[in-house]
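Following: one structure in structure tokens, then a few remarks.
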Amino acid sequence: MNRFIKCLIKKESSFKPVWFMRQAGRYLPEFNKIRSQNKNFIKLCLNSELSSEITLQPIKRFDLDAAIIFSDILIIPHALGQEVNFVKGEGPILEKLNVKNVLNIKDQEFLKKLRPVYDAIAITRKKLRKDKALISFVGAPWTLLAYMLNLKTNENKLNLESFKKSQNNIEELINKLIHVINLHIRSQKEAGADAVQIFDSWAGLLKNDNLKKFCYMPNSKIVNYSRHINLPSICFPKGIGINYKNFIDIVLPDGISIDYDLDPIWAKNNLKNVCIQGGMSPKILLRNEDDVMKEVEKYLDIFKNNAYIFNLGHGILPNTDPDMIKKVVEKVINYK
Ligand code: CP3
């Protein structure tokens with residue numbers, strides 16, 4: 001059993017595994033080189049050989065405990081037949097959703113489109129050392145819908161107009177998404193993934209009953225399904241503040257990734273029977289080495305006696321220095 005799984009499942013606290021969200025990405029020159037030769041981002045995600053190569057880039061540089069397969073959460077809308085484009089500087093743009101088409105898509109058709117992701121996982125698992133974990137991932141239904149139905153404004157607030165207009169479809173779509181997300185998780189496990197991370201990056205847009213209906217309920221169904229197929233799960237319901245406690249009490253994931261707005265001491269005192277991951281702001285990594293090391297040590301000290309996986313409160317920023325990542329990894333590994 002590798003260190004990552006020992007910590008996540010056995011709640012081992014004597015060492016702290018380390019990996020980073022967006023550890024393969026634009027802060028690495030070797031990623032940018034491949035990216036500049038592959039202008040279509042979705043096509044790049046579906047190139048199994050290149051996806052595997054990109055997945056392994058950070059592993060070659062740093063002594064990380066886990067690789068995360070290079071893909072994107074928006075590969076699911078793509079596989080459901082909704083066109084997804086990544087426009088430089090603007091983020092993802094999705095064509096207007098045809099609800100009927102999405103609800104009618106057949107499992108086989110959906111899985112066929114994602115075959116290259118499973119091939120990439122199989123290739124990567126073969127190349128990756130046995131003592132390192134390979135993490136698969138999905139976007140949670142609400143976060144996928146936020147993109148599919150354009151539910152957030154440019155200021156990252158809930159777009160009430162789009163939300164009201166889509167009300168009739170939202171529950172049906174959530175159920176369809178739970179179904180296809182579970183298919184995607186099962187296939188990633190069958191290809192060789194050791195765990196799944198469930199990204200609910202826009203959970204923070206939801207309040208009260210909507211948080212229960214559109215965040216806790218779908219995450220709970222996905223975590224239950226993952227447990228049923230023996231795949232450990234980590235949830236990332238970003239931006240829900242003290243509702244993190246309700247989230248883990250209801251959803252019961254193996255691991256919980258905390259964001260940079262959550263007080264880590266509060267997290268330690270309130271999030272029980274779960275492996276905690278992450279928290280440190282990715283912005284810290286843009287500061288000088290002393291500041292960075294102090295902050296890394298702060299998180300390690302707080303979670304010293306807990307099952308804790310070192311990571312950030314969100315993805316590595318593109319202007320991060322790869323050497324700083326190297327130093328952080330060494331610091332975490334040598335921490336006693
Ligand atoms: O290294 C890894 O973490 C694995 C690969 C990975 C990517 N996206 C590659 C990527 C993972 C796990 C994701 C998850 C993802 N994608 C999330 C959840 C996590 C989060 O950031 O909140 C979300 C919301 C997306 C959707 C998405 N993909 C956006 C909004 C963008 C554009 C802006 C941005 O954040 O970069 C992407 C593009 C994307 N996905 C890039 C990478 C490396 C950048 C591609 C490029 O422009 O070259």
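The values are calculated or read from the model by the stated rules, or taken from the named source; none is laboratory data. None of the values given here were measured: they were computed from a predicted structure. Using ideal geometry, Cβ is built from the backbone for each residue, glycine included, and neighbour counts are taken over all protein chains shown. We work out accessible area using only protein heavy atoms, side chains counted, and drop any ligands, DNA or RNA first. Shrake-Rupley method; radii C 1.70, N 1.55, O 1.52, S 1.80 Å.
Things to note:
- The solvent-accessible area of residue 320, taken with every protein chain present and a 1.4 Å probe, is close to 10 Å².
- Both numbers refer to the Cα atoms of segment 77-219; Rg and Dmax are 16.1, 50 Å.
- Dipole moment magnitude, nearest 20 debye, segment 3-333 about Cα centre, only Lys, Arg, Asp, Glu C-beta charged: 540 debye
- In this Cβ point-charge picture (+1 for Lys and Arg, -1 for Asp and Glu), segment 232-313 has a dipole of about 180 debye about its Cα centre.
- Result for the chain in a Gaussian network model with C-alpha springs under 10 Å: among 129, 287, 22, the largest mean-square fluctuation is at 287.
- Percent accessible area from carbon and sulfur atoms, segment 3-333, protein chains only, probe 1.4 Å: 47 percent
- Too-long pairs where the Cα-Cα distance tops 29 Å, listed order kept, from 127/283; 165/268; 152/283; 43/245; 207/294: 127/283; 165/268; 43/245; 207/294
- Taking the helices alone, the chain has a mean residue ellipticity at 222 nm of -15000 deg cm²/dmol, built from -39,500 (n - 2.57) per DSSP H run of at least 4 residues and averaged over all its residues.
- D (Stokes-Einstein, µm²/s), Kirkwood Cα radius, segment 247-322, 1.306 mPa s at 10 °C: 123 µm²/s
- Counting only Cβ charges, +1 for Lys and Arg and -1 for Asp and Glu, the dipole size of segment 208-273 around its Cα centre is about 200 debye.
- Separation of segment 1-56 and segment 257-272, taken as the distance between their Cα centroids, equals 24 angstrom.
- Positive-end residue of 265, 154, 214, charge dipole of the chain with Cβ unit charges: 214
- The alpha carbon centroids of segment 312-336 and segment 89-154 are separated by 27 Å.
- Separation of alpha-carbon centers, segment 205-247 and segment 157-176, rounded to whole Å: 18 Å
- The DSSP beta bridges internal to segment 3-333 are antiparallel in roughly 20% of cases.
- Screening the chain for DSSP H helices whose Cα atoms reach 15 Å or more along their own axis and whose mean Kyte hydropathy is at least -1.0 gives 48-61, 107-127, 160-191, 289-302, 322-334.
- Exceeding the 23 Å Cα-Cα cut-off - candidates 16/212; 10/189; 212/304; 6/126; 112/176; 33/88: 16/212; 212/304
- Counting every pair of alpha carbons in segment 3-333, the share spaced more than 38 Å apart comes to 9 percent.
- Dimensionless Rg/Rh of segment 206-306 - Kirkwood Rh, Rg from C-alpha atoms: 1.02
- Per residue value of the accessible surface for the chain (all protein chains in place, 1.4 Å probe), Å²: 45 Å²
- The chain - percent relative contact order, Cα under 8 Å, separation 6 or more: 22 percent
- Segment 1-119: proportion of alpha-carbon pairs further apart than 26 angstrom, %: 34 percent
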